[in-house]
Amino acid sequence: MWDEPFLWLKALHIIAVISWMAGMFYMPRLFVYHSQVAVGSEASELFKTMERKLMRLIINPAMIATWVFGLWLAVTINAFDPENGGWLHAKLGLVLLMQVAHAMMSRYRKAFFRDERPKSERYFRIFNEIPTVLMVGIVLLVVFKPF
Ligand code: HEM
């Protein structure tokens, strides 16, 4: 059991996914709070530090680890072969949308860092739901493999 490389890869993939998603769910929340405080205030400076560390120490490395272990898994089980269904291609479509949300967050973080307020508080409350919806779709596809 413990000497099964495929299960180690899958465990590492899931650990990376959880870390990436934790950051993707938390960052827009920080933007909501950050939008409410005055430019230059002590709270604003604290949010900048929290956002920078969350992006650099958690979100970016976890995203890279998710891709590395995910692609490694896919090659190991020959999941790109059309004979094995189209679920991986559909999943990758949703993961690419997650990647777009990630890139947008990165842009917003840099704008906040420059003391801009890139979007409204309401926008970030709605934006907050996008990673959740994508995550649900991705997990359903990989667990049920409907096609
Ligand atoms: C970045 C590109 C990704 C690739 C190439 C990839 C690929 C894979 C592959 C090949 C498996 C093994 C499936 C099997 O055991 O039959 C897997 C498992 C899994 N992936 Fe991904 N994945 C990626 C991203 C993600 C993301 C973003 C999430 C969640 C938001 C995710 C969630 C999962 C889960 C929960 C499992 C375990 C499913 C199970 O054991 O039944 N993956 N992934």
The condition of being near the ligand (Cβ under 10 Å from one of its atoms), among the aromatic types (Phe, Trp, Tyr), outside any helix (DSSP H, G or I) and over 21 Å from the mean Cα position of the chain (by Cα) holds, among Phe6, Phe80, only for Phe80
Specify which of the listed residues (Ile130, Ile138) is at pLDDT 95 or above, within 12 Å of the ligand (Cβ to nearest atom) and surrounded by 14 or more Cβ atoms within 10 Å (Cβ to Cβ). Ile138
Of all residues in segment 56-76, how many are under 14 Å from Ala16 (Cα atoms) and within 9 Å of the ligand (Cβ to nearest atom)? 9
Any residue at all in segment 45-55 that is of a type in the set (S, T, N, Q), within 15 Å of the ligand (Cβ to nearest atom), more than 17 Å from Leu134 (Cα to Cα) and surrounded by fewer than 16 Cβ atoms within 10 Å (Cβ to Cβ)? no
Sole miss for Lys110 among (1) free of Cβ contacts under 8 Å to residues at least 12 places away in the same chain; (2) open to solvent by 80 Å² or more (accessible area, probe 1.4 Å); (3) in a helix (DSSP H, G or I); (4) within 16 Å of the ligand (Cβ to nearest atom) is condition (4)
Sole residue being open to solvent by 70 Å² or more (accessible area, probe 1.4 Å) and part of a helix (DSSP H, G or I), chosen from Ile64, Ile59: Ile64
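The values are calculated or read from the model by the stated rules, or taken from the named source; none is laboratory data. Note that this is a predicted model, so its numbers are computed, not measured. Cβ atoms come from the backbone with ideal geometry, glycine included; neighbour counts cover every protein chain shown. Calculation scope for accessible area: heavy atoms of the full protein, side chains included, ligands and nucleic acids excluded. Shrake-Rupley method; radii C 1.70, N 1.55, O 1.52, S 1.80 Å.
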